[in-house]
Amino acid sequence: MLPAQLTAGQFHAYPPKARQLAVDNVALLQSLPLGFVPFLLKEIILYDWKFPAEQWELNKQLAYLAGLSDEQRQAEMARFAKLRLSPRLEAFDWVNSPGQFLEMLSAHLWATHQTDEFRAASEKYVHKFYASLERPKLPAPRLGIVALGRGVAESRYLLFRKLRRNGVYFNNVNALNGLETLLETVKARAAKYPEPYGHWSIQGGAKMTAPGVTCVSYEEMTPVRRTLTEKMRAAYESPNFNPEILRTMLARMEPQSLGMTGPDRDGTLDRFQLSLLTEGSGTQIYSTTFVQWAAREALRRAQPLTVFARYTPRQKERPMNELLSGTGRTAATDPEGSLIDGDMGAYYTWLNQQRLPGADESRFLVWFEGHSEAVAIAPKLKSNTSDTRAIHMAELLETLA
Amino acid sequence: MPRRFRGEPSTAREVAHAISRSRREFLRQATGAVAAGTLLHPYPLSALALPRVRKAVVVTFGGGARDDETFAPDGQENIPHMLAELAPRSTFFTQVINRGILGHYVATASLATGVYETFNNFAKVSPDHPTVFEYFRKDLKRPSTDAWVIAPSNGFNRIGESAYRGYGPGFGAGVILPKRLLAAALAGGGEADFNHLLRDNYESSSFSPVVGGNDIELKTLSDIFQLSVADFVAHAKSLASPDELSVYIARQLMHRLAPSLLWITLHDIDVAHSGAFSLYLDGIRRSDRLCAEIWRTIQSEPEYAGKTTMFILPDFGRDSDTSAGGNGFQHHRTGDATSRTTWMMALGAGIRENTIVDRPIESTDLVPTLGSLLGFSPNLSQGKPLPEVL
Ligand SMILES: [Zn+2]
C-alpha cells in the first residue's frame, strides 16, 4: 500500500490520542511519500505515552508540513520520494508496525547504498523544520549535574579530560555534604520551576527523589530487569532464535508483562523506563550504561530543565579464565572501571544537553563523588582553566550562576 | 531534537579530513615518519631490491576502534605497542574508507573479497564474490593447509569461501572458530557458566546463543595442533579473553602449518556495544598488545621471518561523539564519517618503514594489494592495488 491510499479507518488499532491525531492529519499523510510517512507514524502511534515536549514538537511538525503549499511540500519531500524502495516494503503493514517497517527500510537502504542519500535528506529536512520553529523561552537555564566514582578511593585515570576543555577544573572541592547539596539544588529548582517531567534524577543506585522530580533508578528496576533478561534468555535459547524475532518481541513488550502494575502508576514513565531496557544496549546488565542511556533519552525526549545523574559501581565483567575455572562467582563490582564509564558518560550527558534549545545558557557540573575534583561549565566560566582554591559544594554551584 | 552542535565540523569531508590530519600529525610526532607524498619520487623503493614476499598475515579488528581512543592525543595511552613498536616499521594509511554495510560479518567478508558485499549481516551465508583465499589457492595452486582464517564467532563460519561459480568449495581457507573449539572441548561441562564467554556477538544484543561445538572441531585440535583437549582447556584457562585464545591458536597454526595466508579477526573491542567505556578501552589495549605479539611471532618463526607482510586494520570505525543519531563509541549505526573512516598499517617484507600515506584509500583495496604482493589475480575485486606498498 502507498500513503495515497490511506484512510482514517486504518488507524483503528492506535491508542486514543494517537488515533485522533492520525485521523486529523490523514489528508497530509496521504500527500507524503512512503520513504517518509512511517517516520511520522512511528511518533504518532506513541503519542499517548510521549512527554509534553515530544507532543509539542510532533504537533508543530505536523502543522509545519500541513502549512506548506502542495508545491513546497513536494519540493521538501522530493529526495524521500526518489528513494528506491521495494515491493516487499510497499506490501508491509507500515500503518500498524511503523517501527518494524523502519528497521526493514534501514536494512534496505544499507543494502542498496542509499543510506548516505537518506541521511543527507533527513538532516536537511530536520534542519529546516527546526529553523522554522519558534520556541517559548525557558524559565531558567538548563542544569546538568553528574556525580561519579562512588567506591573509588584513589584513581590515576585523568578524569574529566574532555569536559575540562569546556569549563573550569576544580581540584580542591570540600566533599562534605556534597551529595545532599546537589539533591537540595535539584529539589529547589523543581519547586521554583514546576513543570511535568522538567526535572530528573537518574540513579545507578537507589532512588533519590523529591516532589516534582522524575526519578529513574537502576536498583529500583531490578525485578523488571530480571523478568526481562529471563524472557530474553528464553528467546536466545529457543531453537528458532534470530535477532529480528527478538527485536520484535522487545518492541511489543508492555510494562504490565514485566510486572509494572498497580493503581498509581505513571504510564508515560513506565513506558520510558521499559524503553531504556528494550531499546538500550547493555542497559540491562551494566548500571553505568543504564545511567548514561537514561540521561541521554531523558534529555532527548523530555528536554528537561534539570538532570541529576549519579553513577554507582556496575557489575564486573568476568574474564575468560575466571569463567573457565568457575571461580569468582560472586557478583563483584568494578568501581575503577565504572569511574571511567561514568567519566565518558558525563561527557555524553553534557553533549546531549548542549543539543537542546538554550545551549548557550546551559550549566553543567560533574563531580568525583566524595573527592575534591570537579568541573563546572557555564557561560561566564572560562574554558580550559583551573581553580585551586578550597571550595564547598554550595559555592561551587554558585560559580555556575 | 534540535541537532545543532557547536564546534562540529559541518560536512562529512571536513570530518574525514580532520581525522586524517590528527592521525598524521600525531604519528609524525611520535615516530618521526616521512609522508610518502613528500618524497621526490613517490615510490622510490618499489620491488627491485626487496625480498620477495611469500607470506601475508592480515589482522582485522571487528568492532572498530575510533581515533579518539587510539591515535588521537586522548587515546595514545591505549596503544603503546602500535605506536612504539609497529608504527615506526610501517607504512601507515591514515584514511581507509569503508563504503559498505557496517556490520562485522558482512564488512569482514567485504575486506576479504574486495567487493562491498550486500548480504544480511546476520544471515548464515557465504560471501557472494570470491574471497582472497580462493584467488590465492586457485591461481597459485596451493593446498588447503596454506590459507586459514581465525574468526571470532559462529556467524563467521562461512567466510573462508564464496558461493561464486568457478571458485567456492574446494578453493577456500580453513576457518577456525576458537570459541567453538572451546565449546567442543568443554562439552557437557557446565555450559551455562560459559554463556557469557561464548556469546556470538555483541551487536545483536547483550546476550547471544551459546556457540555449539562438535567432534570435527575436536579432531582439528588433535590433528592440526597436536594438542589434547585437556592441554587446550588448561591453556585457555590461563587467558583472559577470546581474542587471546584466537592469537594462541594463530601461533599454534603458524608453528605447525606455517600457512602463507593467515587472516585473524579480533573482536574483543566490540564489547563497546555494552556501553561500558572502560571495557572498550580494555579491548583496545588488549588488541594493541596482541598485534605486537603476532608481529613478534612473525619475527621468531623461521618460516615467516623476513618474508612476511603484515596488515593491521579495523573493519570500520565507530560513531562519533557528535553524531546526534548515535551514542558515540557504543555503536556503528549512523554511517557517519567517523564510523566509515579508519586506518591501516602495513609492515614487514617489501614495506617501506616510517611512512605515512594521507590519500584516502578504500577497504576494498586490500585484496588487490595482497594479490600484487603474493602474485595472484583477484579479477572480481572492486579495489585497486596500493602502489605505496608494492
Ligand atoms: Zn560492533
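Points worth noting:
- Summed over both chains, the area buried between A and B is near 5100 Å², taken from the accessible surface of protein heavy atoms with a 1.4 Å probe.
- HN-Hα J in Hz across region A:275-287 - Karplus 6.51, -1.76, 1.60, θ = phi - 60°, x for Gly and Pro: 5, 4, 7, 8, 9, x, 10, x, 5, 7, 10, 10, 5
- Database remark: amide H of B:Arg99 closer than 5 angstrom to the amide H of B:Ser363 (H placed geometrically; neighbours at sequence offset of 5 or more, or on other chains; Pro and chain starts carry no H).
- Pairwise centroid distance, computed over Cα atoms, of region A:175-254 with region A:100-153, Å: 21
- What you get for region A:3-132, charging only the Cβ of Lys and Arg (+1) and of Asp and Glu (-1), is a dipole of about 60 debye around the Cα centre.
- Shielding by partners - mean other protein chain Cβ count within 10 Å, residues of B:328-337: 3
- Amide proton proximity set for A:Ala309, modelled H, under 5 Å, gap of 5+: A:Ile145, A:Val146, A:Ala147, A:Ile202
- Cα convex hull of region A:3-132 - mean projected area over all directions, nm²: 7.6
- Efficiency of FRET between A:Glu134 and A:Asn96 - r from beta-carbon atoms, R0 41 angstrom, step 0.05: 0.75
- A loss of 30 Å² or more of accessible area (1.4 Å probe, protein heavy atoms, ligands and nucleic acids excluded) relative to the isolated chain is seen in these residues of region A:241-288: A:Pro243, A:Ser281, A:Ile285, A:Tyr286.
- For region A:4-76, the solvent-accessible area with a 1.4 angstrom probe is 47 square angstrom per residue.
- Between region A:259-289 and region B:107-178, the Cα center-to-center distance that results, in Å: 42
- One Cα centroid belongs to region B:237-293, the other to region A:1-19; the line between them spans 51 Å.
- Length added when fully stretched, A:Lys231-A:Val126, from 0.36 nm per residue minus Cα-Cα: 34.1 nm
- The accessible surface of the protein assembly as shown, taken with every protein chain in place and a 1.4 Å probe, is 52 percent carbon and sulfur.
- Counting only protein chain heavy atoms and rolling a 1.4 Å probe, the accessible areas of A:His113, B:His129 rank, largest first, as A:His113, B:His129.
- Residues in region B:72-108 reached by a label modelled at B:Glu293 [backbone nitrogen below 13 Å; 7 Å Cα→Cβ]: none
- For B:Thr70, distant residues with modelled amide H under 5 Å away: B:Gly75
- Pairs from A:Lys17/A:Lys380; A:Lys60/A:Lys231; B:Lys138/B:Lys219 whose Cα-Cα separation, in the structure shown, is over 32 Å: A:Lys17/A:Lys380; A:Lys60/A:Lys231
- Note, ³J(HN,Hα) from phi for region A:67-76, Karplus 6.51, -1.76, 1.60, rounded to Hz, x at Gly and Pro: x, 6, 6, 3, 5, 4, 5, 4, 5, 4
- The charge dipole of region A:202-310, taken about its Cα centre with unit charges on the Cβ of Lys, Arg, Asp and Glu (plus for the first two, minus for the last two), comes to roughly 180 debye.
- From phi via Karplus (6.51, -1.76, 1.60), per-residue ³J(HN,Hα) for region A:97-107 in Hz, x at Gly/Pro: 10, x, x, 5, 4, 5, 4, 5, 4, 4, 4
- Overall form of the protein assembly as shown per C-alpha gyration tensor (a/c, 1.5; a/b vs b/c): prolate
- With at most 12 other Cβ atoms within 10 Å, longest stretch of chain A clear of loop GluC sites (Glu not before Pro) (DSSP): A:155-401
- Antiparallel %, DSSP beta bridges [both residues in region A:143-398], to 5: 25
- In this simple spin-label approximation, A:Ser155 and A:Lys207 carry label points 7 Å from Cα along the Cα→Cβ vector, and these lie 2.8 nm apart.
- The trypsin sites (Lys or Arg not before Pro) of region A:56-137 meeting both criteria, a DSSP state outside H, G, I, E and B (loop) and at most 16 other C-beta atoms within 10 angstrom of the site's C-beta, are A:Lys82, A:Arg84, A:Lys137.
- Antiparallel %, DSSP beta bridges [both residues in the protein assembly as shown], to 5: 25
- Heavy-atom accessible area for B:His273, with the other protein chains in place and a 1.4 Å probe, reaches approximately 10 Å².
- A Cβ-based charge dipole, computed about the Cα centre of region A:89-237 with Lys and Arg at +1 and Asp and Glu at -1, lands at about 820 debye.
- Within region B:276-311, the residues that become at least 40 Å² less accessible when every protein chain is included than when their own chain is isolated (1.4 Å probe; DNA, RNA and ligands ignored) are B:Phe277, B:Ser278, B:Leu279.
The values are calculated or read from the model by the stated rules, or taken from the named source; none is laboratory data. Everything numeric here is computed off the predicted structure, so don't read it as measured data. Every residue, glycine among them, receives a Cβ derived from its backbone with ideal geometry; neighbour counts consider all protein chains shown. Quick note on the areas: whole protein, heavy atoms, side chains included, nothing else; ligands and nucleic acids left out. Shrake-Rupley method; radii C 1.70, N 1.55, O 1.52, S 1.80 Å.
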